[in-house]
Amino acid sequence: MAEGHFTEQRADVGGVSLYLLRGGSGHPTLVLHGVEGHEGWLAFHQALSDGSDVLAPSHPGYGHTDCPEWLSSIQHQAVFYHWFLQQAGITSVDLVGCGAGGWIAAEMAVMDSSRLRNLVLVDAAGIRPQQTESLDIFITPWRQVLDAGFHDPAGSPEYQRLFGGELPEYGGVREAAKTMSVKMCFRPYLYNPALPAMLGKVRTPTLVVWGDDDRILPAECGRAFQAAIPGATLQTLAGCGHFAHLEQPQALADVIRQWIAR
């Protein structure tokens, strides 16, 4: 885990013990990870916690949090996190979703935006590209997926810290993450055909952030999110791949903080 001041916590959500890390102080910010799974307290969490109370949970089914029998889709995850906010008594939150976590966040905004102060979608899944293609991460060897997800893997401290050594193919929370991601995101592949139309009802102030070298989800998807959500702002990160929260943690945190403070 990255250095920083945080605590490990458990929260009961409908009989499920949700695992989360929490650090910083200020307005609550819920950060939802993507298909890569929960990789601990990241440099991104630490950077964002400078002025925010950051909550970084592990999704149900991703190894640290058990998956209840009823939960099998991205939409179910969205319901689960609304339930968590309700149980935790959080009435106003800045919601940040990365990759598949961005898809969960977008579905949450469609369902009920009453608790959402701001919505930030970072290289988010959920919308199908029409002119280009997404990388099939479920048939591509995982090392190649990770390499494709960074503009410059060799120059990323988080890549080296998390993935620089051997990556076992089986076992542990990473295998659980891959299995749950396939269960939720394979068919249809990384999108909900109804989502673009439903996003038209969202009135939560929304920032869409995209790495300009995202080789997993093309930039076309970022533009589609901006077009679908009324008043959404789109910002790109130069020299950045799909895993922006891992490759440019400080720059991404700065963009989010500046936008929220607008």
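The values are calculated or read from the model by the stated rules, or taken from the named source; none is laboratory data. As the structure is a computational prediction, the values presented were derived from the model and not from experiment. Counting neighbours? That spans all protein chains shown, and the Cβs are built from the backbone with ideal geometry, glycine included.
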**Search result, residues across the stretch 227-262 that are of a type in the set (Gly, Ala, Ser), in a helix (DSSP H, G or I) and farther than 22 Å from SER113 by Cα** = ALA244, ALA251, ALA253
**Message:** Kindly evaluate LEU162 against the criterion of being of a type in the set (A, V, I, L, M), outside any helix (DSSP H, G or I) and in contact (Cβ under 8 Å) with a residue 60 or more places away in the chain.
**Reply:** no
**Request:** Sort out which residues of the stretch 72-92 are more than 18 Å from the chain's Cα centre (by Cα) and either part of a loop (DSSP other than H, G, I, E, B) or over 20 Å from SER17 (Cβ atoms) (or both), and write them in order of number.
**Result:** GLY89, ILE90, THR91, SER92
**Asked** In the stretch 198-226, what residues are surrounded by 14 or more Cβ atoms within 10 Å (Cβ to Cβ), touching a residue at least 12 places away in the same chain (Cβ under 8 Å) and assigned to a helix (DSSP H, G or I)?
**Response** MET198, LEU199, ALA219, GLU220, CYS221, GLY222, ALA224, PHE225, GLN226
**Asked** Restricting the first residue to the stretch 11-26 and requiring it to be of a type in the set (Gly, Ala, Ser) and outside any loop (DSSP other than H, G, I, E, B), which pairs with a second residue that is modelled with pLDDT of 95 or more and surrounded by fewer than 13 Cβ atoms within 10 Å (Cβ to Cβ) meet a Cβ separation below 6 Å and a spacing of at least six or different chains?
**Response** SER17/ARG10
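In this structure, does PHE80 turn out to be surrounded by 23 or more Cβ atoms within 10 Å (Cβ to Cβ) and of a type in the set (Phe, Trp, Tyr)?
yes
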**Asked** For ILE104, which of the numbered conditions (1) over 22 Å from ASP123 (Cα atoms); (2) in a helix (DSSP H, G or I) fails to hold?
**Response** (1)
**Prompt:** Applying the selection to the stretch 27-47, what residues are in a loop (DSSP other than H, G, I, E, B) and either among the hydroxyl-bearing types (Ser, Thr, Tyr) or in contact with a helix residue (DSSP H, G or I) (Cβ under 6 Å, 6 or more places away or on another chain) (or both)?
**Reply:** HIS33, GLY34, VAL35, GLY37, GLU39
**Message:** With the structure loaded, tell me whether ALA56 is part of a strand (DSSP E or B) and either within 17 Å of LYS183 (Cα to Cα) or of a type outside the set (Lys, Arg) (or both) or whether it fails that test.
**Reply:** yes
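Quick test for you: out of LEU190, LEU167, LEU195, pick the one residue that is aliphatic (A, V, I, L, M), more than 21 Å from THR233 (Cα to Cα), touching a residue at least 12 places away in the same chain (Cβ under 8 Å) and surrounded by 13 or more Cβ atoms within 10 Å (Cβ to Cβ). It would help to see each step written out before you state the result.
Values: LEU167 fails: surrounded by 13 or more Cβ atoms within 10 Å (Cβ to Cβ); LEU195 fails: more than 21 Å from THR233 (Cα to Cα).
After ruling out the rest, the residue left standing is LEU190.
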**Residue ID - surrounded by the fewest Cβ atoms within 10 Å (Cβ to Cβ), chosen from residues in the stretch 149-159 that are of a type in the set (Gly, Ala, Ser) and not in a helix (DSSP H, G or I)** = SER156
**Item:** Residue among THR132, THR179, THR140 that alone is farther than 25 Å from LEU234 by Cβ, touching a residue at least 60 places away in the same chain (Cβ under 8 Å) and surrounded by fewer than 20 Cβ atoms within 10 Å (Cβ to Cβ)
**Value:** THR179
